[in-house]
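Encoded as structure tokens, the structure appears first; notes follow it.
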């Protein structure tokens, strides 16, 4: 009898977790397995981040620290911008190590 009561408590305790997982699968299901022509990141990742990384890599390889980006909107601070200091993330160093 205690076993049945314990199983009922576990079942009722698991209902919110199961409901939460089902809601997440319903809302984000197509993003978990995208089609071949879909991307999990937006185009802004390619439009902004790639070119800032290339700019940073070219400046570092030329021997200068890129404090200023003259190519973006007539000139902007590079290190102070939200997209500028992406070199601090350790995973991006692989991008700088290889020729693109």
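The values are calculated or read from the model by the stated rules, or taken from the named source; none is laboratory data. Here the structure is a predicted model, which is why all the values come from computation and not from measurement. As a convention, Cβ positions derive from the backbone with ideal geometry for all residues, glycine included, and neighbour counts pool all protein chains shown.
Annotations
- Odd one out for residue 44, checked against (1) modelled with pLDDT of 75 or more; (2) exposed (fewer than 10 other Cβ atoms within 10 Å of the Cβ); (3) under 30 Å from residue 80 (Cα atoms): (1)
- Of all residues in the range 56-85, those satisfying the criterion of being buried (at least 16 other Cβ atoms within 10 Å of the Cβ), in a helix (DSSP H, G or I) and modelled with pLDDT under 85 are 56, 57.
- Taking first residues from the range 12-33 that are in a helix (DSSP H, G or I) and partners that are surrounded by 10 or more Cβ atoms within 10 Å (Cβ to Cβ) and at pLDDT below 85, no Cβ contact under 8 Å between residues at least 6 apart in sequence or on separate chains turns up.
- Options 4, 15: the member that is at pLDDT 80 or above and more than 30 Å from residue 95 (Cβ to Cβ): 15
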